[in-house]
Amino acid sequence: MTAHRAGGALLAVIALLAVAPVSLRAQQRVPIAREVRIDVIGAHPTSVQGAVGLQIPAGTYMRIGVLGGAGATIDGAGGSRAAGRVDVLGRFLLDPFRQQRWGLSAGAGVSLRADPGDRVRPRLLAAIDLEGRRTDAGLSPSLQIGLGGGVRGGVGLRWGSRTAR
């Protein structure tokens, strides 16, 4: 798959996700949640990236995360160059109503990673996510580990609902 086709496919998925939650939101009253994260994507090369995105409700037990990230890729000689990515991740929530202190979810999707010296190409993405209790300020911490362009791990903050993850 070429980068042009992958980009077109990703834009089509994002457009569908942007339209679908409008009708779903009226039924479930779960708002779209904003998210900020810092991720380390290991493998060759290793990249450290900050990301911002949205967690879009796609049903009671599903959230679709769309994130854009930018940061630095560290090469073998100790230098670094700019890198970026776009992730689309569908997560299945085991505790969508915040009945427990920590909420576990697992998901899969696609990641488009742009590294120096490599062409942009889609990579499969699989992740396990652990989201904490919502603070009085409306923030929920999250931890994520997964595979997608290498082993990845990250921490994030989500602005969430009081009654739903």
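With a Förster radius of 45 Å applied to the C-beta separation of H44 and R101, the computed FRET efficiency comes to 0.75.
Under a 5 Å amide H cut-off, with hydrogens placed 1.01 Å from N, T46 pairs with I74 among residues at least 5 apart or on other chains. Proximity of backbone amide H atoms, modeled 1.01 Å from N, is registered between R98 and R165 at under 5 Å, excluding neighbours fewer than 5 places apart on the same chain.
May I ask you to give the average projected area over all directions of the convex hull of the Cα atoms of the stretch 74-165, in nm² rounded to one decimal?
Details: hull surface 27.5 nm².
Computing the convex hull of the Cα atoms and averaging its projections yields 6.9 nm².
When R29, R152, R162, R37 are sorted by how many other C-beta atoms sit within 10 angstrom of their C-beta, beginning with the fewest, the order is R162, R29, R37, R152. Here the Karplus curve 6.51 cos²θ - 1.76 cosθ + 1.60, taken at θ = phi - 60°, turns the phi angles of the stretch 77-85 into couplings of 8, x, x, 9, 9, 5, 8, x, 6 Hz, with x standing for Gly and Pro.
At an R0 of 30 angstrom, the distance between the Cβ atoms of D118 and W159 translates into a FRET efficiency of 0.35. The HN-Hα couplings worked out from phi for the stretch 32-49 by the Karplus form 6.51 cos²θ - 1.76 cosθ + 1.60 (θ = phi - 60°) are 5, 9, 7, 8, 10, 8, 10, 10, 10, 10, x, 2, 9, x, 8, 10, 10, 9 Hz, whole numbers, x standing for Gly and Pro.
FYI, it's all coordinate maths here, none of it is from the lab. Predicted model, so just to flag it, every value in this text is computed and none were measured. Every residue, glycine as well, gets a Cβ built from its backbone with ideal geometry; the counts of neighbours run over all protein chains shown.
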